[in-house]
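Please treat every number below as a calculation from the coordinates, not as lab data. Bear in mind that the values here come from a model prediction, so they are computed numbers and not experimental data. Because the Cβ atoms are built from the backbone with ideal geometry, glycine has one as well, and the counts that use them run over all protein chains shown.
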There are 2 protein chains.
Amino acid sequence: MPEWIEIDYAVTLDKNSNIERFARDIALEQTVEVPETCVTDSSLWERVIGRVLDIAPKEKEGNTSHYLVKIGYPPEVAGHQVPQFLNVFFGNISLKNNIRIVSFQVPESLAKIFKGPNLGSDGLRQWLGVYERPLAATALKPMGSSPQTLAAQARAFALGGGDIIKDDHGLADQAFCPFEERVGQCQEAVDKANAATGRRTLYFPNVVGDHEQVIRQVEFAIRQGVRGVLISPFLIGPALLRFLASRYPIAYMAHPAFTGTHFHDRRHGMAPAVLLGKIFRLLGADISVFPNSGGRFGFTQDECGELAQALRQPLPGVKPAFPAPAGGMGMDRIETMAEQYGCDVVYLIGGALLNHSGDLAESTRLFMQAIRSRFTERLASPAGTVMINGKEGLV
Amino acid sequence: MPEWIEIDYAVTLDKNSNIERFARDIALEQTVEVPETCVTDSSLWERVIGRVLDIAPKEKEGNTSHYLVKIGYPPEVAGHQVPQFLNVFFGNISLKNNIRIVSFQVPESLAKIFKGPNLGSDGLRQWLGVYERPLAATALKPMGSSPQTLAAQARAFALGGGDIIKDDHGLADQAFCPFEERVGQCQEAVDKANAATGRRTLYFPNVVGDHEQVIRQVEFAIRQGVRGVLISPFLIGPALLRFLASRYPIAYMAHPAFTGTHFHDRRHGMAPAVLLGKIFRLLGADISVFPNSGGRFGFTQDECGELAQALRQPLPGVKPAFPAPAGGMGMDRIETMAEQYGCDVVYLIGGALLNHSGDLAESTRLFMQAIRSRFTERLASPAGTVMINGKEGLV
């Protein structure tokens, strides 16, 4: 691990522009916010200002040149907190064009904010008692359904042998489906189904709101026996995911809502592997949901592969997380996903499963069978308990 | 005001694509997240799913066609809270390409989350006692300076007659300049200068961190006599600005850090007037900082004009806010800014003022003189007190 924060930027410039100057301007913009000539205290170059570590020319196309620029920042400028880290990462330069963050490394000194998931993929497998095959997840939908309807879906999916049931990420605390009613009924339905099957299917309600609402929702859910939640870090604020993961040792499934402007143009923003992969994992996501290639969104197969790698590859002191390809996946995609993602992955099939037949439990059985036909499932007794403030069980 | 949330999307499509279908897909994606054929409960069309209200063809260019699409959403889907509103606004569709939000209207039923600034431009003028000219603001910088150095800058700017001093938005709670030391010393310096000048220059420290840190910072600042803060809604989470503005009736200056991916490509994201204008104002910003055209970022003059208009135009029940053009502005830009923005604006001149001469108080006097040469300033006794929980003064 480096001693400084190291960030790799893919930069696209007019061929007549000066890349050395452009790179130095990034380093100044993200720290002191003054031009080079105005740095009167020379110690700032050592203590504060980003340092251009490398500039590698890449291909040229017509009048534009591509470069890979590596800049290092002293960890202290990131203030040991998530929002100021993101500010150094991409605060002001998000307002400049044609700068894309393609990878980064953080020093051990930022481990407090970047300790990663509580459970990670191994811990989640222990909770479920499911090994050597991808996990199967679905979404409760559509928005507008009553708690009863959604609880019946949850029950059917659990009876059919699925692993994780999440709320659709648009389910909030709306009058047509209040949070507490929904969570109470869905968790109860899953508990009953689990008692019948002897398995431990997990239900992840969606938590959304300001910090007071989200904390209240998480605590309520835990009291109902919930062991994980769905969360959209860019809607609620990325620091709140880190805060929750530090305080409540349950599982966190991260949703990419409101992140998409980073991926619209490959010359700007952050690579999916950086934002939905490494950053979400470091913030505490045990599972990161993303729009799979070939679905109704535009990620390429390569981008999805890099994203999965960013979630799973070894990182000192940080557990691996599950990729969850989604966004219009159906059972016909299992073959391709099996080839692309291997075993440590969560298949998230929502609408397609719900509409596969009139019988969701039966459709789930077919879904599980399709997975088992490609992997040798190993089941064990679900293990592990939710520890809250050192005590087992409830808050 | 409409009864539903109405959103205008500029859509760019391949000329052979079906715009009716594309528009309907937006309405489905942002609510029920299932294809049309899977909406089995027909009441969802009335209660939940967005409704395409209008499709207006715009210009064609080569193989692409442009459209303006208006979609209405029942307010209940936004759950009467900021994050879920943003989710309906641009959550999943941010992950699709070539969709840009160019304007929107919210119904009165969302007034709880969209009540706007506490003071607005009129209230801020009363606090300052400054009328009929633009306000003059500067930034304390560079990051890495000691609290003493920044306090000396604050003192000089106040003695020179400036109106608002803000921290650079990269100043957090770093070891080289701890938040409490900085805020204590800067506010004290400004208080002393105010006692000497008889004016009321305001100091806005930057607050950043998770919600616990930010709340602690705001309360500490208020106890030191601070009457406003700088805040980056996209770093700390937009809901936290709304939360703070509801709880602490001080002034909020919003900074655009981390919003820039919305503006990189004019075919995607949100128009600056939508995000930095109307949304930030509705969330509670009294002042919205943005990168002015002709500075070191890429907004056009038209975009800046529309942004200023979005902050200032009448909106039922919501006070007007100040635009604060910034990002590399110098005294040589005052003439142009005077023509472009008129009187109700905050000129934010940071580095250029600091480096104008060796004497910041003198540079500030020249800055003020340049403003007064173009506007007929009217000064009054600063009025108004900070009310916290119904009590005047401290928390």
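Mark the label point 7 Å from the Cα of residue A:47 along Cα→Cβ and return the residues of the range B:153-177 whose backbone N is within less than 16 Å of it.
B:153, B:171-177
Roughly speaking, what is the stretch gain from residue A:111 to residue A:192, that is 0.36 nm per residue apart minus the C-alpha to C-alpha distance, in nm to one decimal?
25.2 nm
Could you name the lysines whose alpha carbon sits less than 21 Å from that of residue A:60, not counting residues in the same chain fewer than 8 places away?
List returned: A:15, A:70, A:96.
Note the angle between two axes, namely the Cα long axis of helix B:19-29 and the longest principal axis of the Cα atoms of chain B, as a number of degrees from 0 to 90, rounded to the nearest 10.
Between helix and principal axis, roughly 70 degrees.
Just check the range B:262-395 against the gyration tensor rule for me: Cα atoms, a ≥ b ≥ c as the square roots of the eigenvalues, rounded for a/c under 1.5, and otherwise prolate or oblate depending on whether a/b exceeds b/c.
Taking the square roots of the gyration eigenvalues as a ≥ b ≥ c, the range B:262-395 is oblate.
Using packing as a proxy for protection, rank B:238-245, B:35-42 so that the peptide with the highest average count of other Cβ atoms within 10 Å comes first.
Those peptides, ordered most packed to least, come out B:238-245, B:35-42.
Pull up all non-local amide H partners of residue A:140: gap of 5 or more, or a different chain, and H-to-H distance under 5 Å with H placed in the peptide plane.
A:166, A:167, A:168
Each residue of the range B:99-107 in order: what ³J(HN,Hα) in whole Hz does its phi give by Karplus 6.51 cos²θ - 1.76 cosθ + 1.60, θ = phi - 60°, with x for Gly and Pro?
Calculated HN-Hα couplings, in order: 10, 10, 8, 10, 6, 7, 9, 10, x Hz.
Given the pairs B:278/B:319; A:166/A:192; B:112/B:166, which span a C-alpha to C-alpha distance of over 21 angstrom in this model?
In this structure, B:112/B:166 lie more than 21 Å apart at Cα.
Nearest 10 degrees, 0 to 90: what angle lies between the long axis of helix B:360-372 and the longest principal axis of chain B (Cα atoms)?
The helix B:360-372 is inclined about 60 degrees to chain B.
Report the local net charge at residue B:146: Lys and Arg +1, Asp and Glu -1, summed over other residues whose C-beta lies under 12 Å from its C-beta.
Here the charged neighbours net out to 0.
Which three extents, in whole angstrom, do the alpha-carbon atoms of the protein assembly as shown cover along their principal axes, largest first?
Per principal axis, max minus min of the Cα coordinates gives 79, 60, 55 Å.
Give me a single rounded figure for B:137-144: the average over its residues of other chain Cβ atoms within 10 Å of their Cβ.
That average works out to 5.
First select every other residue whose beta carbon is under 9 angstrom from the beta carbon of residue B:74; then total the charges, Lys and Arg +1, Asp and Glu -1.
Summing Lys/Arg as +1 and Asp/Glu as -1 gives -1.
What is the distance in Å between the Cα centroid of the range A:58-112 and that of the range B:51-115?
Going from one Cα centre to the other spans 31 Å.
What nm distance separates the two modelled labels at residue A:146 and residue A:373, each placed 7 Å from Cα along Cα→Cβ?
With each label point 7 Å from Cα toward Cβ, the separation is 3.7 nm.
Along the Cα→Cβ direction, 7 angstrom out, place labels at residue A:61 and residue B:102. What is the inter-label distance in nm?
Once both label points are built, they end up 2.7 nm from each other.
Please say if the range A:1-128 is rounded, prolate or oblate, where rounded means a/c under 1.5 for a ≥ b ≥ c the square roots of the C-alpha gyration tensor eigenvalues, and otherwise the choice is prolate for a/b larger than b/c and oblate otherwise?
oblate
If you find the alpha carbon centre of the range A:200-248 and of the range B:175-213, how far apart are they in angstrom?
35 Å
Residue B:34's amide H: which non-local residues (gap 5+, or another chain) put their own amide H closer than 5 Å, with H modeled 1.01 Å from N in plane and none for Pro or chain starts?
Result for residue B:34 returns nothing.
Inside 10 Å of the C-beta atoms of A:123-133, what's the mean count of C-beta atoms belonging to other chains?
The per-residue average across the peptide is 0.
Rounded if a/c is under 1.5, else prolate if a/b beats b/c, else oblate: with a ≥ b ≥ c from the C-alpha gyration tensor eigenvalues square-rooted, which is the range A:120-392?
Rounded, because the longest to shortest axis ratio a/c is under 1.5.
What's the FRET efficiency of residue B:36 with residue B:335 using the Cβ-Cβ distance as r and R₀ = 45 Å, to the nearest 0.05?
Taking R0 as 45 Å, the efficiency between residue B:36 and residue B:335 is 0.20.
Relative to the longest principal Cα axis of chain A, at what angle does helix A:147-159 sit, 0 to 90 degrees, rounded to 10?
The helix A:147-159 is inclined about 80 degrees to chain A.
Treat the count of other C-beta atoms within 10 Å as a stand-in for reagent exposure and order A:58, B:192 from fewest to most.
In order of increasing Cβ crowding within 10 Å: A:58, B:192.
How would you rank B:280-288, A:154-162, highest first, on the average number of other Cβ atoms within 10 Å across their residues?
B:280-288, A:154-162
In nm, give the distance between the simple-model label positions of residue B:366 and residue B:181, each being 7 Å from the Cα along the Cα-to-Cβ direction.
3.2 nm
Report the local net charge at residue A:161: Lys and Arg +1, Asp and Glu -1, summed over other residues whose C-beta lies under 9 Å from its C-beta.
Cβ neighbours under 9 Å give a net charge of +1.
On alpha carbon coordinates alone, what is the Rg over Rh value for the range B:88-169, Rh being the Kirkwood radius?
1.16
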